[in-house]
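Participant: Sharing a structure below in structure tokens format, with a few things to ask.
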Amino acid sequence: MPETTDVVIIGAGPAGLTLANLLQRNEISCVVLEARDRSYVEERQRAGVLDHYGGEIFAAAGLADAVIAGAPREKFLELRYAGEPHFFDGPAHAGGRAGVIVPQQLLVRRLLGTFVDGGGDLRFAAAGVALHDVTSKPRVTYAGGEIQAAYVAGCDGFHGVSRHSIPSTDYTFDHGIGWYTVLADAPPPRHALMGISEHGFAAQFGRGPTASRFYLEYRPGAEDPRDWPDDYAWQQLRLRLGDPALPGGTITDKEIVEMRSFVTEPMAYGNLFLAGDAAHIITPMGAKGMNLAVADADFLAKALIRALRGADEAALRSYSDTCLRRTWDYQEFSRWFTEMVHDAGARSDPFRRRLAKARFDRLFRNEAAAAYFADMMAGTASVE
Ligand code: APR
């Protein structure tokens, strides 16, 4: 006989762990199956900002203390245009709504600990996960056995198995831009910093009191930053951030960040629901990847609770349309932001450079434009 539970959650990233905690707090039984081991899940470095909307989700669930306690709030974003500083006060333009600076691995570690300490059933190293009968009575098999559930949540990221169980249409976009990122022992900037210049885009974000993560735009196909000597990376950072005195430091990690976008439609099929990267990949511009995962999980948790407690599936059946509205809103925002900060570069045609400058200037001249930007940064519930 297979085991039974209300919900099988595949994947223990931000989407799966948020959903697991929200269900646990509402006494809905669930089993989380995670392909990797605990240390892999806990150590994986990714995003660094939970937007205001995401913070509210944890607060409303009574999880703020467990998950975001002590984390600083976002304030200024410095957009440095050709060496000229411009400070954007997002919270001031968004009615005080501010994001929380919390590295993804910290969020994941805390969500994982809270779920497991609360008696949650999380199975690591679950190999060979496969989905069956998702349009009737779903079953999930894996090397450790078979589980029958009323519903399955596919939270297993872009490389997972869940999305392949849905007859779907995929939308992809290659932005034609690459990012090279380095972690360095270099003092953090006073505020999150983005450099916009004819030399290309660069950024610097603090990572604790003594380290920074830097980003440098590069041209995929035409250059490979993995060949760049560290000195060259520092020289480009100084140029693009407009700061000849930027101190260097030991580079402790180097990575390539893919700037691509992906959406699969629909996000649900029968009793299978996709959440997070399983359904959509977004560029890091605007920092919405983790936030979309948390927002999907929140809407899905509420819909599952309604279905399992009250036999009312209306919210579940609107899950895909609702989450896709937010996804496309954020994709559009991310693309808008990407163009604004990358099109100033010398490889953009002069017309696009002028458009990017107009977009940038409007942020600091027009309250409606500033409010739009700040609202998207804070995260929006307007789709629900
Ligand atoms: N079976 C079980 N688990 C799986 C499988 C599988 N076949 N395939 C993948 N997984 C696990 C991965 O090991 C990972 O822990 O699913 C999890 C997916 O987590 P994420 O990729 O972090 O995706 P998600 O939870 O949607 O969070 C999205 O995290 O990846 C970042 O930038 C992304 O910020 C975004 C956010």
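Participant: With respect to Thr322, is the statement that it is more than 16 Å from the ligand (Cβ to nearest atom), at pLDDT 95 or above and either closer than 20 Å to Gly157 by Cα or over 24 Å from the mean Cα position of the chain (by Cα) (or both) true?
Facilitator: On the way: more than 16 Å from the ligand (Cβ to nearest atom): yes; at pLDDT 95 or above: yes; either closer than 20 Å to Gly157 by Cα or over 24 Å from the mean Cα position of the chain (by Cα) (or both): yes.
It is true that Thr322 is more than 16 Å from the ligand (Cβ to nearest atom), at pLDDT 95 or above and either closer than 20 Å to Gly157 by Cα or over 24 Å from the mean Cα position of the chain (by Cα) (or both).
Participant: Which strands (runs of 3 or more DSSP E) sit wholly inside segment 192-285 and have at least 2 residues that are under 30 Å from Val161 (Cβ atoms) and within 19 Å of the chain's Cα centre (by Cα)? Please lay out each step first, then the result.
Facilitator: On the way: elements: 192-196, 202-206, 212-218, 251-265, 272-274.
Those strands (runs of 3 or more DSSP E) span 251-265, 272-274.
Participant: Can you spot a residue in segment 293-306 that is assigned to a loop (DSSP other than H, G, I, E, B), surrounded by fewer than 24 Cβ atoms within 10 Å (Cβ to Cβ) and either at pLDDT 95 or above or not aromatic (Phe, Trp, Tyr) (or both)?
Facilitator: no
Participant: List the pairs whose first member sits in segment 5-16 and is under 14 Å from Tyr40 (Cβ atoms), whose second member is among the aromatic types (Phe, Trp, Tyr) and assigned to a loop (DSSP other than H, G, I, E, B), and whose Cβ atoms are under 9 Å apart, counting only residues at least 6 apart or on separate chains?
Facilitator: Here the result reads Ala12/Phe124, each pair linking segment 5-16 to a residue that is among the aromatic types (Phe, Trp, Tyr) and assigned to a loop (DSSP other than H, G, I, E, B).
Participant: Give the residue, chosen from Gly286, Gly270, Gly276, that is more than 12 Å from the ligand (Cβ to nearest atom) and small (Gly, Ala, Ser). Talk me through it step by step, then tell me what you get.
Facilitator: Working: Gly286 fails: more than 12 Å from the ligand (Cβ to nearest atom); Gly276 fails: more than 12 Å from the ligand (Cβ to nearest atom).
Exactly one of Gly286, Gly270, Gly276 is more than 12 Å from the ligand (Cβ to nearest atom) and small (Gly, Ala, Ser), namely Gly270.
Participant: Of these, Val152, Val102, Val140, which one is in the same structural domain as Asp51 (by TED's automatic domain parsing), farther than 30 Å from Pro2 by Cβ and among the β-branched types (Val, Ile, Thr)? Steps first, answer last, please.
Facilitator: Numbers: Val152 fails: farther than 30 Å from Pro2 by Cβ; Val140 fails: farther than 30 Å from Pro2 by Cβ.
Answer to the check: Val102.
Participant: Can Ala98 be described as part of a loop (DSSP other than H, G, I, E, B) and under 27 Å from Asp243 (Cβ atoms)?
Facilitator: yes
Participant: Within the bounds of segment 64-79, is there any residue that is open to solvent by less than 50 Å² (accessible area, probe 1.4 Å), within 15 Å of the ligand (Cβ to nearest atom) and either under 30 Å from Arg240 (Cβ atoms) or not assigned by TED's automatic domain parsing to the domain that holds Tyr215 (or both)?
Facilitator: yes
Participant: Of the residues Phe262, Phe351, Phe337, only one is surrounded by fewer than 22 Cβ atoms within 10 Å (Cβ to Cβ), farther than 30 Å from Val140 by Cα and either touching a residue at least 12 places away in the same chain (Cβ under 8 Å) or among the hydroxyl-bearing types (Ser, Thr, Tyr) (or both); which? Quick ask: steps written out before the conclusion?
Facilitator: On the way: Phe262 fails: farther than 30 Å from Val140 by Cα; Phe351 fails: either touching a residue at least 12 places away in the same chain (Cβ under 8 Å) or among the hydroxyl-bearing types (Ser, Thr, Tyr) (or both).
Residue meeting the stated conditions: Phe337.
Participant: Taking the conditions exactly as written (in a loop (DSSP other than H, G, I, E, B), on the phi > 0 side of the Ramachandran plot, at pLDDT 95 or above and away from the ligand (no atom under 16 Å from the Cβ)), does Gly128 satisfy them or not?
Facilitator: no
Participant: May I pose another question? Could you count how many residues in segment 271-309 are of a type in the set (Gly, Ala, Ser) and closer than 18 Å to Cys30 by Cβ?
Facilitator: 8
The values are calculated or read from the model by the stated rules, or taken from the named source; none is laboratory data. Not measured: the values here are computed from a predicted model. Here Cβ is always computed from backbone atoms with ideal geometry, including for glycine, and neighbour counts include all displayed protein chains. The protein model used for the area step is the full one, side chains on, heavy atoms only, and it has no ligands, DNA or RNA in it. Shrake-Rupley method; radii C 1.70, N 1.55, O 1.52, S 1.80 Å.
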